[in-house]
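Below is one structure, written out as structure tokens, with a few remarks after it.
The values are calculated or read from the model by the stated rules, or taken from the named source; none is laboratory data. Here the structure is a predicted model, which is why all the values come from computation and not from measurement. Note that we place each Cβ from the backbone using ideal geometry, even for glycine, and neighbour counts take in every protein chain shown.
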Amino acid sequence: MNVAAETIAERPATPSVDGSDTVIQAHGLTKLYKNARALDGADFRVGAGRIVGLIGPNGAGKTTALKAILGLTDFQGELEVLGMDPRRQRPQLMRDVCFIADVATLPRWIRVHEAIDFVAGVHPRFDRAKCERFLERTKLKPNQRVREMSKGMIVQLHLAIVMAIDARLLVLDEPTLGLDILYRKQFYQSLLEDYFDENKTILITTHQVEEIEHILTDLLFIRDGKIALTTTMDEMGARFAEVLVSAAQVEAARALHPIDERAAVFGKSIFVYDGADPEPLARLGEVKRPSVSDLFVAIMKGTYA
Amino acid sequence: MKALVKSPFVWLLRREYWQERRGALWSQVTLAAILIVLSIFGIIVAEAARIRAGVNVHFVTGGDIGQTLASALSHDTPGLVLGLDSMMWTFGLMAALVLSFTLFFYLLGALYDDRKDRSILFWKSLPVSDTATVLSKVVTAILVLPLIALGVTLAGYLGEQIVASIWFAAHGLNPFTLLWAHWGPYSTWLHLVATIPVSAVWALPAIGWLLFWSAAARSKPFLWAVMVPVLAGVLNSWIALLRLPHVPIEFFWGNLVARPLLSIIPGSWVTTYAANPGFVIPADITGIDRTLGTFGTMYQTLLQPEMWIGAIVGTALIAAAIWFRRWRDEV
């Protein structure tokens, strides 16, 4: 399995197919910490109007990559975000980039109206009326302090502020961590309904892959500081296949070079294939597109071996 | 003016004020209120003693003693003006005391607290440069917080005047001619306001030193900021005891220990008067104002090497704090 995953990693990064403007372009992105390589020559490109999931195991370099994109950390290699160098042009870049880095980053002392006044004062792209419309749907009161709110309410406030900013790139780092299920559903629903359009790009990292699978247009798998897979969801459906194979067919299935095999119910097995010919697969059993989390497991298995 | 009020930098100052309101404003107001309440207690004690003694004091305007006293008091008797001046000074000193503590902890927390609670990630998600962020904290320390302190000083003085006016009026004395007609205390107040730029330049090394550790320390900025100079001072004194080459002990404790920690105390630059006998404070400056010197001597201290060398060191430390704010990478 390890071998199969590495073959994928060694393939040159496929450029996004949309052909529209490039929002993020990274080449040989590397970050060395004292005793570790958080990023090890990562290459990737994110186009405009995409919703990209940056997915990888803990310590794979997800957060470091986001920090580099947001200009929060120094790095080696090339990285352009909206045509700017995040190291040198962070304040300008933040006019067009928003980020939510998990739920608890609003200052605890601030009141709702102070947060809005402040962002309205310093951010040229903030639409106050829009923000207030979003807040009307919530139970937040203008004089309420963040320290008096539940996690779910804090994220409602943060999201109302961010969605009222006409930015071109939104970066979300585990945005729903620690939220209960109602707020989590609501979070992504608001983003899709009231925020996302073809001029905006969203880059998300999360452990709850199932939750965002239906909204993603692109996948970036990251492992050991390198990009292990980059694909659009459409390409992924064409390239990867998952087949449910009965016990009698297992040997035939193995002969077709699966990248992953796992047991299913009733003695059957599930095989995942990369770029296999669909004809022989169809003879083995029912073929479908693997879920993002199953594909993730198939590709990342070597990491934990 | 309108453009200035709406500029992003003013919003940064406003944010500092929202966050520091409790320490900066309410602790000042509380202390001023306590002073006024204490003076009311004093008046009540005096009145109670008078009533028990059966003395009835009432000045009738036009009456012999009343007129003498009233005219004596209203003719700018130095004693009365000195009393009113002292009142302004008392409020000012109390405000300076509170301000010293406020500034010390404000500066130590200014770049550390939001790293600790990770709200730095929210602040850094906005199009504000780290230079502007750090400078907003410097301006808050040298201008906004001192102005608040002096605003409360003036308000406290006026409150005390009102209390005294009621007391005077109750005994038939005219508070307007006796208490309110004197310019002296207000000129003292302006004198205090005029110290703000001098105190700001004098305090730069401390502002820089405290902000530096606030931005640079991974944890416990207080310990770093205090222990580094104090332990260095002890070490230097110990080396001196061994009669090995060392920095002059007094110089070390004064300029390398006290200055980076204590020069945020408003008006502590008056120590440069004693150190430089060249300063002559004219004899016509009397009363408590003598401590501060004239406007001229106040601003002359800015030419002293200890002032501008300190300002250069302080500016360098602030620049280092900006660098750490930009690149400290831990969240």
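Can you say whether B:LEU262 is at pLDDT 95 or above and closer than 22 Å to B:LEU93 by Cβ, as far as the supplied structure shows? Criteria met by B:LEU262.
In segment B:221-234, the residues that are under 18 Å from B:TYR112 (Cα atoms) and at pLDDT 95 or above form Cβ pairs under 7 Å with partners that are of a type in the set (Gly, Ala, Ser) and assigned to a helix (DSSP H, G or I), at six or more places apart or across chains, as follows: B:PRO221/B:SER214. Restricting the first member to segment B:102-120 and to residues that are within 12 Å of chain A (Cβ to nearest Cβ), and the second to residues that are in a helix (DSSP H, G or I) and of a type in the set (A, V, I, L, M), the beta-carbon pairs closer than 7 Å and six or more apart or on different chains are B:ASP114/B:ILE120; B:ARG118/A:ALA104.
Within segment B:130-138, can one find any residue that is under 25 Å from the mean Cα position of the chain (by Cα), away from chain A (no Cβ under 14 Å) and crowded, with 20+ Cβ neighbours inside 10 Å?
The initial filter retains those residues of segment B:130-138 that are under 25 Å from the mean Cα position of the chain (by Cα), namely B:132-138.
So of that shortlist, the ones also away from chain A (no Cβ under 14 Å) come out as B:137-138.
Okay, now just the ones that are also crowded, with 20+ Cβ neighbours inside 10 Å, so B:137-138.
Yes: one or more hits.
Rundown of residues vs (1) surrounded by fewer than 15 Cβ atoms within 10 Å (Cβ to Cβ); (2) within 20 Å of B:VAL29 (Cα to Cα); (3) of a type in the set (A, V, I, L, M, F, W, C), yes/no style:
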| site | (1), (2), (3) |
| --- | --- |
| B:ILE162 | yes, yes, yes |
| B:LEU173 | no, no, yes |
| B:SER187 | yes, no, no |
| B:THR195 | no, no, no |
| B:ALA203 | no, no, yes |
| B:ALA206 | no, no, yes |
| B:TRP209 | no, no, yes |
| B:TRP213 | no, no, yes |
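Scanning segment A:253-265 for residues that are surrounded by 14 or more Cβ atoms within 10 Å (Cβ to Cβ) and assigned to a helix (DSSP H, G or I) yields a single hit, A:ALA253.
Before we move on, is B:PHE252 within 14 Å of chain A (Cβ to nearest Cβ) and modelled with pLDDT of 90 or more?
On the way: within 14 Å of chain A (Cβ to nearest Cβ): no; modelled with pLDDT of 90 or more: yes.
No; evaluated as a whole, the condition is false for this residue.
Taking the listed residues B:LEU99, B:LEU121, B:LEU107, B:LEU150, the one that is assigned to a helix (DSSP H, G or I), modelled with pLDDT of 95 or more and within 25 Å of B:PHE324 (Cα to Cα) is B:LEU107, with no other qualifying.
For the structure I just gave you, tell me whether B:GLY151 is surrounded by 23 or more Cβ atoms within 10 Å (Cβ to Cβ), more than 14 Å from every other protein chain (Cβ to nearest Cβ) and over 20 Å from B:PRO221 (Cβ atoms). If you could, list the steps in order and put the result at the bottom.
On the way: surrounded by 23 or more Cβ atoms within 10 Å (Cβ to Cβ): no; more than 14 Å from every other protein chain (Cβ to nearest Cβ): yes; over 20 Å from B:PRO221 (Cβ atoms): yes.
Taking the combined requirement at face value, the residue does not satisfy it.
If I go through segment A:266-287 residue by residue, how many of them are without any contact (Cβ under 8 Å) to a residue 40 or more places away in the chain and either in a strand (DSSP E or B) or of a type outside the set (D, E, K, R) (or both)?
Initial filter on segment A:266-287 (without any contact (Cβ under 8 Å) to a residue 40 or more places away in the chain): A:266-273, A:275-280, A:282-283.
Next, from what is left, pick out any that are either in a strand (DSSP E or B) or of a type outside the set (D, E, K, R) (or both): A:266-267, A:269-273, A:275-276, A:278, A:280, A:282.
Counting residues in segment A:266-287 that are without any contact (Cβ under 8 Å) to a residue 40 or more places away in the chain and either in a strand (DSSP E or B) or of a type outside the set (D, E, K, R) (or both) gives 12.
Pick from segment B:1-26 the residues that are without any contact (Cβ under 8 Å) to a residue 60 or more places away in the chain, more than 11 Å from chain A (Cβ to nearest Cβ) and in a helix (DSSP H, G or I): which of them is nearest to the chain's Cα centre (by Cα)?
To start, the set of residues in segment B:1-26 that are without any contact (Cβ under 8 Å) to a residue 60 or more places away in the chain comprises B:1-7, B:10-11, B:14, B:18-19, B:21-22, B:26.
Among the residues that remain, those that are also more than 11 Å from chain A (Cβ to nearest Cβ) are: B:1-4, B:26.
Applying the additional criterion that residues be in a helix (DSSP H, G or I) yields B:2-4, B:26.
Values: B:LYS2: 29, B:ALA3: 30, B:LEU4: 26, B:TRP26: 15 Å.
This residue is B:TRP26.
Tell me, please, whether a residue that is out of contact with any helix residue (DSSP H, G or I) (no Cβ under 6 Å at 6 or more places or on another chain) and surrounded by fewer than 17 Cβ atoms within 10 Å (Cβ to Cβ) can be found in segment A:287-296.
From segment A:287-296, those out of contact with any helix residue (DSSP H, G or I) (no Cβ under 6 Å at 6 or more places or on another chain) are A:288, A:290-291, A:294-296; that's our starting set.
From what is left, the residues that are surrounded by fewer than 17 Cβ atoms within 10 Å (Cβ to Cβ) are A:288, A:291.
Yes, some residue in segment A:287-296 is out of contact with any helix residue (DSSP H, G or I) (no Cβ under 6 Å at 6 or more places or on another chain) and surrounded by fewer than 17 Cβ atoms within 10 Å (Cβ to Cβ).
Within segment A:126-184, can you find the residues that are charged (D, E, K, R), under 22 Å from A:TRP109 (Cβ atoms) and out of contact with any Gly (no Cβ under 6 Å at 6 or more places or on another chain)? Answer for segment A:126-184, where residues must be charged (D, E, K, R), under 22 Å from A:TRP109 (Cβ atoms) and out of contact with any Gly (no Cβ under 6 Å at 6 or more places or on another chain): A:ARG128, A:GLU132, A:LYS139, A:LYS141, A:ARG145, A:ARG147, A:GLU148.
Condition check: of a type in the set (Gly, Ala, Ser), away from chain B (no Cβ under 13 Å), in a helix (DSSP H, G or I) and surrounded by fewer than 16 Cβ atoms within 10 Å (Cβ to Cβ). Does A:ALA160 satisfy that? Outline the logic, then answer.
On the way: of a type in the set (Gly, Ala, Ser): yes; away from chain B (no Cβ under 13 Å): yes; in a helix (DSSP H, G or I): yes; surrounded by fewer than 16 Cβ atoms within 10 Å (Cβ to Cβ): no.
In short, no.
Take A:ASP194 and tell me if it is in contact with a Phe, Trp or Tyr (Cβ under 9 Å, 6 or more places away or on another chain), surrounded by fewer than 18 Cβ atoms within 10 Å (Cβ to Cβ) and of a type in the set (Asp, Glu). Taking the combined requirement at face value, the residue satisfies it.
Residues are listed down the side, and each one gets a yes or a no for (1) outside any loop (DSSP other than H, G, I, E, B); (2) at pLDDT below 95; (3) more than 10 Å from chain B (Cβ to nearest Cβ); (4) farther than 13 Å from A:LEU169 by Cβ:
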residue: A:ARG87; (1), (2), (3), (4): no, yes, no, yes
residue: A:PRO91; (1), (2), (3), (4): yes, yes, no, yes
residue: A:ARG108; (1), (2), (3), (4): no, yes, no, yes
residue: A:ILE116; (1), (2), (3), (4): yes, no, yes, yes
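Considering only segment A:129-140, I want to know if a residue exists there that is crowded, with 17+ Cβ neighbours inside 10 Å, within 8 Å of chain B (Cβ to nearest Cβ), assigned to a helix (DSSP H, G or I) and touching a strand residue (DSSP E or B) at 6+ places or on another chain (Cβ under 9 Å). Spell out how you get there, then give the answer.
Of segment A:129-140, the ones crowded, with 17+ Cβ neighbours inside 10 Å are A:131, A:134-135, A:140.
If we keep only those that are within 8 Å of chain B (Cβ to nearest Cβ) as well, we get none.
Within segment A:129-140 (the criterion being crowded, with 17+ Cβ neighbours inside 10 Å, within 8 Å of chain B (Cβ to nearest Cβ), assigned to a helix (DSSP H, G or I) and touching a strand residue (DSSP E or B) at 6+ places or on another chain (Cβ under 9 Å)), the answer is no, since none of the residues qualifies.
Residues are listed down the side, and each one gets a yes or a no for (1) among the hydrophobic types (A, V, I, L, M, F, W, C); (2) closer than 29 Å to A:GLY59 by Cβ; (3) in a strand (DSSP E or B); (4) free of Cβ contacts under 8 Å to residues at least 12 places away in the same chain:
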residue: A:GLN189; (1), (2), (3), (4): no, no, no, yes
residue: A:LEU192; (1), (2), (3), (4): yes, no, no, no
residue: A:HIS207; (1), (2), (3), (4): no, yes, no, no
residue: A:LEU216; (1), (2), (3), (4): yes, yes, no, no
residue: A:LEU219; (1), (2), (3), (4): yes, yes, yes, no
residue: A:GLU251; (1), (2), (3), (4): no, no, no, yes
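Considering A:THR176, A:THR201, the condition of being within 23 Å of A:GLY83 (Cα to Cα) and under 15 Å from the mean Cα position of the chain (by Cα) is satisfied by A:THR201 alone.
Being under 27 Å from A:ALA36 (Cβ atoms), surrounded by fewer than 16 Cβ atoms within 10 Å (Cβ to Cβ), out of contact with any helix residue (DSSP H, G or I) (no Cβ under 7 Å at 6 or more places or on another chain) and not polar (S, T, N, Q) is a condition met by at least one residue of segment A:207-217.
Of all residues in segment A:119-128, those that are within 7 Å of another protein chain (Cβ to nearest Cβ) and under 22 Å from A:PRO175 (Cα atoms) total 2. Can A:GLY237 be described as within 23 Å of the chain's Cα centre (by Cα) and more than 20 Å from A:GLY61 (Cβ to Cβ)? So A:GLY237 fits the description; yes.
Anything in segment A:53-68 that is within 13 Å of the chain's Cα centre (by Cα) and away from chain B (no Cβ under 12 Å)? List them, or say none.
The initial filter retains those residues of segment A:53-68 that are within 13 Å of the chain's Cα centre (by Cα), namely A:53-57, A:61-63, A:65-66.
Result: A:GLY53, A:LEU54, A:ILE55, A:GLY56, A:PRO57, A:GLY61, A:LYS62, A:ALA65.
Put simply, of A:VAL81, A:VAL103 the only residue that is over 20 Å from A:LEU29 (Cα atoms), more than 10 Å from every other protein chain (Cβ to nearest Cβ) and either at pLDDT 95 or above or in contact with a Leu (Cβ under 9 Å, 6 or more places away or on another chain) (or both) is A:VAL103.
Taking segment A:187-214, which residues are under 15 Å from A:GLU174 (Cα atoms) and either at pLDDT 90 or above or not charged (D, E, K, R) (or both)?
Hits for segment A:187-214 are A:PHE187, A:TYR188, A:LEU191, A:ILE202, A:LEU203, A:ILE204, A:THR205, A:THR206, A:HIS207, A:GLN208, A:VAL209, A:ILE212.
Would you be able to say whether some residue in segment B:292-314 is more than 15 Å from B:PRO197 (Cβ to Cβ), hydroxyl-bearing (Ser, Thr, Tyr) and assigned to a helix (DSSP H, G or I)? For segment B:292-314, residues more than 15 Å from B:PRO197 (Cβ to Cβ), hydroxyl-bearing (Ser, Thr, Tyr) and assigned to a helix (DSSP H, G or I): absent.
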